Each structure stands twice: as structure tokens, then as C-alpha cells.
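The values are calculated or read from the model by the stated rules, or taken from the named source; none is laboratory data. What you are looking at is a predicted structure, and each value in this text was computed from that prediction instead of being measured. No Cβ is skipped: glycine too gets one built from the backbone with ideal geometry, and neighbour counts run over all protein chains shown.
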Amino acid sequence: METFDICLMTEACLRQKCEPITEVTDEIRALADKMLATMYAAPGIGLAASQVGVMKRIFVLDVAEREEGLEDGEEKKEPMVFINPEIVWSSDEKNIYQEGCLSIPGIYEEVERPTKVRVKYLDRDGAVQEIEADGLLSTCIQHEMDHLDGVLFIDYLSRLKRDRITKKVKKSVKAGS
Ligand code: GNR
Ligand code: NI
């Protein structure tokens, strides 16, 4: 399947706010499928539309863990599509995860976020869903929600660390990697 090119943190689309989706059409479902194909190919566990230059409030993810009992090379796929997502509750309790981002290649840093969130969204059929997320799913949802508002995980780091990362990414872009 055809995939998108993923934008790097130096590109303006990653700093812009995405617009709500007015109707979940076949076109939106096709966008979700192409985003999932792009995410699996990368490979990554999440992808927001702004990372592929589409300024709409949609992200995809798949945090399914590899389970025992599967044949070699067989993957358990649990694709999820979140349209117009809203965090309706987040826990006071926080935890720290080491995060990475397909738009900031090669950088992994610890970020503190609420441990649990409840998120309300439309699924790929346009039906309203609400789930409570914990663990990696919760972290990934919050990371992707940030992308829809032009926020990157490096924004939670110290200015010194952020500046170092920006320099490093700009340098590798210049070197053409
Ligand atoms: O693939 C990804 N891994 C990841 C690991 C920890 C916390 C968040 C993520 S999301 C990231 C893919 C990505 O950039 N999504 O926007
Ligand atoms: Ni990301």
C-alpha cells in the first residue's frame, strides 16, 4: 500500500494546530488506512495527521504487544483510529516513559505525563467512543493528542536539552540523512 512521507520536527506543519473533522467519510477512512500503513512501515506505534502534513484532528496507533504462541514473523495487529479526540479526564498520578517520535528520529527522552486518561473520540465508523487508557496506550494517546496541537515531546524537556536536540536534527537534515 502507498504510504506518506513523514515530516521532521524542522517542518512547519508539526507546529500548527489541526482542524476538527466535520464528517467521517470514506475519504477520512482512506486517510486513516494510509496513515496506518505509514505507521507500520516506519515502524512506529502511533502517527498523527500533522506528521504527514494533513492538518486534521485524527491519529492512529497500535500498541499491541507481541504475544507468545504466534508464529515467527507473525504480528498481532490492533489498529486504532481516533478522530476529534478529547481528553475528558486525566489522573493526578503521573508516570515517566521514555518517548520517541518518528518526526525526531534517533532521540529518546523521559517524559512525565498523567498515568491514566479517559479519551472521547469518533472511531472509523463515526461512532462516539470513550475509553480509559493506562500504560503505554495512555502515553501514546497523549503524545498523539499533542501533535494535533503542534506540541512535541521535546517541549517538556529543559531548554538546554531541547536546543541540543534541535541542533542535532538540523545537522542530520543538512547532511541529508
Ligand atoms: O513510535 C513511537 N513510539 C513511541 C514511544 C513512546 C512514546 C510515544 C511514542 S509515539 C512514536 C510514534 C510517533 O511519533 N507518534 O507521533
Ligand atoms: Ni510523535
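For this structure, a couple of remarks:
- Condition met for THR10 (surrounded by 16 or more Cβ atoms within 10 Å (Cβ to Cβ), of a type in the set (S, T, N, Q) and within 15 Å of ligand 2 (Cβ to nearest atom)): no
- One residue from ILE87, ILE154 being within 15 Å of ligand 2 (Cβ to nearest atom) and at pLDDT 95 or above: ILE154
- Any hit, the range 97-105, residues being touching a Cys at 6+ places or on another chain (Cβ under 8 Å), within 14 Å of ligand 1 (Cβ to nearest atom), at positive phi and at pLDDT 95 or above: no
- Checking ASP125 against (1) more than 21 Å from LEU8 (Cβ to Cβ); (2) free of Cβ contacts under 8 Å to residues at least 60 places away in the same chain; (3) exposed (fewer than 14 other Cβ atoms within 10 Å of the Cβ); (4) away from ligand 1 (no atom under 12 Å from the Cβ), the condition it does not meet: (2)
- Restricting the first member to the range 42-56 and to residues that are small (Gly, Ala, Ser), and the second to residues that are near ligand 1 (Cβ under 6 Å from one of its atoms), the beta-carbon pairs closer than 7 Å and six or more apart or on different chains are ALA42/LEU102; GLY44/LEU102; GLY46/CYS140; GLY46/HIS143; GLY46/GLU144; ALA48/GLU144; ALA48/HIS147; SER50/HIS147.
- If you go through the range 136-165 and keep only what is farther than 21 Å from LEU8 by Cα and either in contact with a His (Cβ under 6 Å, 6 or more places away or on another chain) or in contact (Cβ under 8 Å) with a residue 60 or more places away in the chain (or both), you end up with LEU136, LEU137.
- Qualifying residue in the range 139-150 (condition: modelled with pLDDT of 95 or more and surrounded by fewer than 16 Cβ atoms within 10 Å (Cβ to Cβ)): yes
- For the range 90-120, filtered to residues that are under 22 Å from LEU31 (Cα atoms) and within 15 Å of the chain's Cα centre (by Cα), the residue that is farthest from ligand 2 (Cβ to nearest atom) is VAL119.
- Selected residue (criterion: farthest from ligand 1 (Cβ to nearest atom)) from residues of the range 156-177 that are under 17 Å from CYS7 (Cα atoms) and surrounded by 11 or more Cβ atoms within 10 Å (Cβ to Cβ): LYS170
- Residue in the range 11-59 that is farthest from the chain's Cα centre (by Cα), counting only those that are away from ligand 1 (no atom under 16 Å from the Cβ) and assigned to a helix (DSSP H, G or I): ASP26
- Verdict on GLY126 being closer than 22 Å to VAL52 by Cβ, of a type in the set (Gly, Ala, Ser) and away from ligand 2 (no atom under 13 Å from the Cβ): yes
- Flag if VAL117 is farther than 17 Å from ILE58 by Cα, of a type outside the set (Ser, Thr, Tyr), within 11 Å of ligand 1 (Cβ to nearest atom) and at pLDDT 95 or above: no
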